[in-house]
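*Asks:* Please find one structure pasted underneath; my questions will follow.
The values are calculated or read from the model by the stated rules, or taken from the named source; none is laboratory data. What you are looking at is a predicted structure, and each value in this text was computed from that prediction instead of being measured. No Cβ is skipped: glycine too gets one built from the backbone with ideal geometry, and neighbour counts run over all protein chains shown.
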Amino acid sequence: MTTAAERGSGDFGSMLKAAREKRGVSLRRLADTTKISVAALEALERNDISRLPGGIYSRSFVRSYALQVGLDPDRTIERFLEQFPEAAVAPGHALAEQQQEEEEHDSNQQTAATFVRLLVVSLLIVAGLVYFGMRSRRSAAIPGAPEPAPATRAAEPPAVAPESPAAVAPAPAPSRPSVPAPPATASAAPTPAATTASAGPVTGAGVPSGTSSDPADRVTVAVVATGPCWVSAIVDGERRVAREFQTGERMAFELEKSVVLTAGDAAALAVTINGEEARPLGRAGQVVTVRVTPANFKAYLAAP
């Protein structure tokens, strides 16, 4: 049943504001709870949907608002679309939902891969602990286990040398000039090895330089708001931003696989890719979602 707050006077924004004030909820508290900016909430109460991102994002705003002030979310969304039919999902925007599902699927796969890697590392650590534990117990059980002690003591002859003055005298014998020669030959041996190492195409990590990531494979997408604009960016399966940009605000994303970029006002968001100007995303007031990858980013560049 529709409540009095929902019926209101036909003014959707006033209905929302009345429900919020009845609950005694401030705009700041509502913004902290819904993660929606105060400016967007105020615009919603003023019926200024031009400040909203449009499509499914606007409906998400309305649903979050309704849940926090005690309104029926489904009925509130119906009232919203009745008063603002232009706020319905833009043509072709269903692709954004599909792309978001694909990104969520990729993210789930990455999470599963990370879990498997952690499990393998944990098993290796446990196996190492078991191995060294069994080895220490085995060494304690064998009567000849003290053998490592002589080996340790064998490494301590310098401490015995001062005890016998006779041993000290032969050490600096000048009659052995040939003894330094082998060290000279031994020290010369590493020189070819060092030359060989420096001549080979090997990186600092010991990996051939041919396997290092090619800078051409890295794509940097930069955006700057030429006017108030809602911006959402999912980079390599991770959401980096989803909020309203003010005029002049900019942000850059470096991607390996893809970036799914959504602009609430296509004409209010300028894009550059690897420092080159991209073509306009769309018309003023149009909600546009694009997917940029290292394979297709050149298609978005402006014609020379």
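*Asks:* What's the number of the only condition in (1) closer than 21 Å to Ile49 by Cα; (2) surrounded by 14 or more Cβ atoms within 10 Å (Cβ to Cβ); (3) not β-branched (Val, Ile, Thr) that Gln246 fails to meet?
*Replies:* Just one mismatch for Gln246, condition (2).
*Asks:* Could you please let me know if Ser14 is farther than 25 Å from Val287 by Cα, in contact (Cβ under 8 Å) with a residue 12 or more places away in the chain and among the polar types (S, T, N, Q)? Before you say what the answer is, go through the steps one by one.
*Replies:* Details: farther than 25 Å from Val287 by Cα: yes; in contact (Cβ under 8 Å) with a residue 12 or more places away in the chain: yes; among the polar types (S, T, N, Q): yes.
Answer is yes for this residue.
*Asks:* Name the residues in segment 69-94 that are β-branched (Val, Ile, Thr), in a helix (DSSP H, G or I) and either at pLDDT below 90 or closer than 17 Å to Pro53 by Cα (or both), would you?
*Replies:* Selection gives Ile77 alone.
*Asks:* Being of a type in the set (Lys, Arg) and either farther than 26 Å from Gly227 by Cα or surrounded by 19 or more Cβ atoms within 10 Å (Cβ to Cβ) (or both) is the filter here; which residues of segment 15-62 pass it?
*Replies:* Applying the first criterion (of a type in the set (Lys, Arg)) to segment 15-62 yields 17, 20, 22-23, 28-29, 35, 46, 51, 59.
Passing the criteria: Lys17, Arg20, Lys22, Arg23, Arg29, Arg51, Arg59.
*Asks:* Next question. Give the residue that is modelled with the lowest pLDDT, with candidates limited to residues of segment 102-129 that are under 15 Å from the mean Cα position of the chain (by Cα) and acidic (Asp, Glu). Let's see the steps before the verdict.
*Replies:* Our first condition is that a residue be under 15 Å from the mean Cα position of the chain (by Cα); within segment 102-129, this holds for 103-104, 106-111, 114.
The next check asks that each one be acidic (Asp, Glu); those that pass are 103-104, 106.
Numbers: Glu103: 53, Glu104: 67, Asp106: 61.
The extreme case among them is Glu103.
*Asks:* Does Thr34 count as within 13 Å of Phe12 (Cα to Cα) and among the β-branched types (Val, Ile, Thr)?
*Replies:* Working: within 13 Å of Phe12 (Cα to Cα): no; among the β-branched types (Val, Ile, Thr): yes.
Spelling it out, it is not the case that Thr34 is within 13 Å of Phe12 (Cα to Cα) and among the β-branched types (Val, Ile, Thr).
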